[in-house]
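Below you'll find the structure, written out as structure tokens, and then a few comments.
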Amino acid sequence: GKVRKPTSIISTICDDRGDELTYNGVPISEVCKEEYVLGDVIGLLWFKRKLPSYASRFIEMCLKLVADHGPCVSGAHNTIVAARAGKDLVSSLVSGLLTIGPRFGGAIDDSARVFKDAIDRNLTPEQLVEGMKSKGKRIPGIGHLIKSADDIDKRVVILKQYAKTHFSSSKYLEYALEVEKYTLQKANNLILNVDGCIGVLFLDLLHSCDLFTKEEIKEIIDVGYLNGFFVVGRSIGLIGHALDQKRMRQPLYRHPYDDVLYASD
Ligand code: ACO
Ligand code: LMR
């Protein structure tokens with residue numbers, strides 16, 4: 001019989017060979033219908049299934065809420081400096097995206113991992129916090145540079161409210177809020193931040209819809225899907241900052257001398 005030549009690439013998320021492009025088997029004419037939101041497209045291309053509407057809308061809400069947080073944050077600052085150095089849109093965007101990591105915007109997967117592991121191991125919030133401290137590690141998803149218990153992050157409030165209304169399980173959020181209660185005794189800014197809130201709410205979402213098996217949930221967390229929400233969402237704001245600088249024809253940026261302590265001998 002016929003023997004298929006071995007292929008160099010295997011792809012499982014889309015097909016562009018027929019008359020109509022499909023995303024995980026769904027033709028784009030269907031995807032473009034009004035009821036499909038961007039969260040559904042992420043459902044098809046990342047999670048490889050049509051998510052229930054409340055889940056797609058939750059993803060979309062995450063994208064909207066992290067789209068921008070002003071010109072002063074790491075990502076926007078890099079993008080602005082690059083745009084003012086005359087770099088093109090993609091370079092300016094990428095310059096900002098490259099700051100996303102364990103301290104800024106990229107703590108979502110690790111917060112899901114750490115909180116899931118703590119619950120799996122039946123750790124009390126105190127055991128989790130003090131255990132991490134003894135290893136010299138920070139808890140991903142806890143802490144903020146400017147937001148605090150006295151200046152709450154509205155994004156976190158909105159996310160929690162959505163989950164309360166639409167999710168059937170809030171086990172991970174509740175645990176994270178107990179951890180927050182403990183860390184707030186140490187310092188006022190050790191809140192459950194927006195990365196941490198998305199991380200634990202996603203765990204609750206995965207457990208509240210019966211679309212995913214235990215093995216699939218483990219894979220989602222192990223592979224690390226969730227920082228992608230910040231990357232996609234914040235790209236919207238970073239592109240905005242690059243265009244803003246170009247529109248205003250801003251000159252090359254140079255950091256002021258008086259903001260640097262020259263401490264060499
Ligand atoms: N877990 C435990 N202790 C912490 C944490 C944390 N996540 N964050 C701060 N602390 C404590 C530590 O004792 C720290 O002292 P150390 O420097 O000796 O470790 C002390 O608070 C002061 O820390 P600062 O560096 O002053 O905290 P800062 O306010 O500058 O940092 C930051 C804010 C970077 C967000 C920090 O809290 C952190 O690393 N958090 C974990 C990563 C994270 O979740 N990042 C996402 C933030 S949200 C976003 O980017 C969209
Ligand atoms: C952000 O969304 O960029 C942040 O929460 C980080 C910050 O410092 O505001």
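With the structure loaded, tell me whether Gly86 is within 23 Å of Lys160 (Cβ to Cβ) and either at pLDDT 95 or above or of a type in the set (A, V, I, L, M, F, W, C) (or both) or whether it fails that test. When the stated conditions are applied, Gly86 does not pass them. Filtered by the rule that a residue be under 30 Å from Gly75 (Cα atoms), of a type in the set (A, V, I, L, M) and either surrounded by fewer than 20 Cβ atoms within 10 Å (Cβ to Cβ) or within 16 Å of ligand 2 (Cβ to nearest atom) (or both), the stretch 113-132 gives a lone residue, Met132.
Considering (1) surrounded by 12 or more Cβ atoms within 10 Å (Cβ to Cβ); (2) within 16 Å of ligand 2 (Cβ to nearest atom), say which one Val157 fails and leave the rest. Just one mismatch for Val157, condition (1).
Taking the residues in the stretch 173-206 that are part of a loop (DSSP other than H, G, I, E, B) and not basic (Lys, Arg) as candidates, determine which candidate is farthest from ligand 2 (Cβ to nearest atom). Break it down into steps so the answer makes sense when it comes.
Initially, the stretch 173-206 is screened for residues part of a loop (DSSP other than H, G, I, E, B), giving 185-191, 193.
Narrowing further to those that are not basic (Lys, Arg): 185, 187-191, 193.
Details: Gln185: 22, Ala187: 16, Asn188: 15, Asn189: 11, Leu190: 14, Ile191: 11, Asn193: 7 Å.
Per the stated criteria, the residue is Gln185.
Surrounded by 21 or more Cβ atoms within 10 Å (Cβ to Cβ) and within 29 Å of Leu97 (Cα to Cα): which single residue out of Gly228, Gly224, Gly199, Gly240 fits that description?
Only one candidate passes the filter, namely Gly199.
Can you tell me which residue within the stretch 72-91, out of those that are outside any helix (DSSP H, G or I) and within 15 Å of ligand 1 (Cβ to nearest atom), is farthest from Asp40 (Cα to Cα)?
Quick first cut of the stretch 72-91, residues outside any helix (DSSP H, G or I) only: 72-73, 85-88.
Subsequent filtering for residues that are within 15 Å of ligand 1 (Cβ to nearest atom) retains 72-73.
On the way: Cys72: 32, Val73: 29 Å.
Among residues in the stretch 72-91 that are outside any helix (DSSP H, G or I) and within 15 Å of ligand 1 (Cβ to nearest atom), the one farthest from Asp40 (Cα to Cα) is Cys72.
In the stretch 133-154, the residue that is farthest from Val66 (Cα to Cα) out of those that are outside any loop (DSSP other than H, G, I, E, B) and more than 16 Å from ligand 2 (Cβ to nearest atom) is Ser134. For the stretch 70-97, a tally of residues being of a type outside the set (Ser, Thr, Tyr), within 12 Å of ligand 2 (Cβ to nearest atom) and surrounded by fewer than 18 Cβ atoms within 10 Å (Cβ to Cβ) returns 4. Among the residues making up the stretch 75-105, a single one is of a type in the set (D, E, K, R) and in contact with a Phe, Trp or Tyr (Cβ under 8 Å, 6 or more places away or on another chain): Arg84.
Only one of the numbered conditions (1) touching a helix residue (DSSP H, G or I) at 6+ places or on another chain (Cβ under 6 Å); (2) closer than 19 Å to Leu44 by Cα is not met by Leu201, and that is (2).
Filter the stretch 98-112 down to the residues that are surrounded by fewer than 18 Cβ atoms within 10 Å (Cβ to Cβ) and either of a type in the set (A, V, I, L, M) or assigned to a helix (DSSP H, G or I) (or both) and list them by number. If you could, list the steps in order and put the result at the bottom.
Restricting attention to the stretch 98-112, the residues satisfying the condition of being surrounded by fewer than 18 Cβ atoms within 10 Å (Cβ to Cβ) are 98, 101-104.
Leu98, the sole residue that qualifies.
When Gly43 is tested against the conditions (1) crowded, with 17+ Cβ neighbours inside 10 Å; (2) within 16 Å of ligand 2 (Cβ to nearest atom), the lone failure is (2).
The residue that is farthest from Leu63 (Cα to Cα), counting only those in the stretch 8-39 that are among the charged types (D, E, K, R) and surrounded by 14 or more Cβ atoms within 10 Å (Cβ to Cβ), is Asp15.
The values are calculated or read from the model by the stated rules, or taken from the named source; none is laboratory data. Since this is a predicted model, take the numbers as computed values, not measurements. A quick note on method: Cβ atoms are made from the backbone with ideal geometry, for glycine too, and the neighbour counts reach across all protein chains shown.
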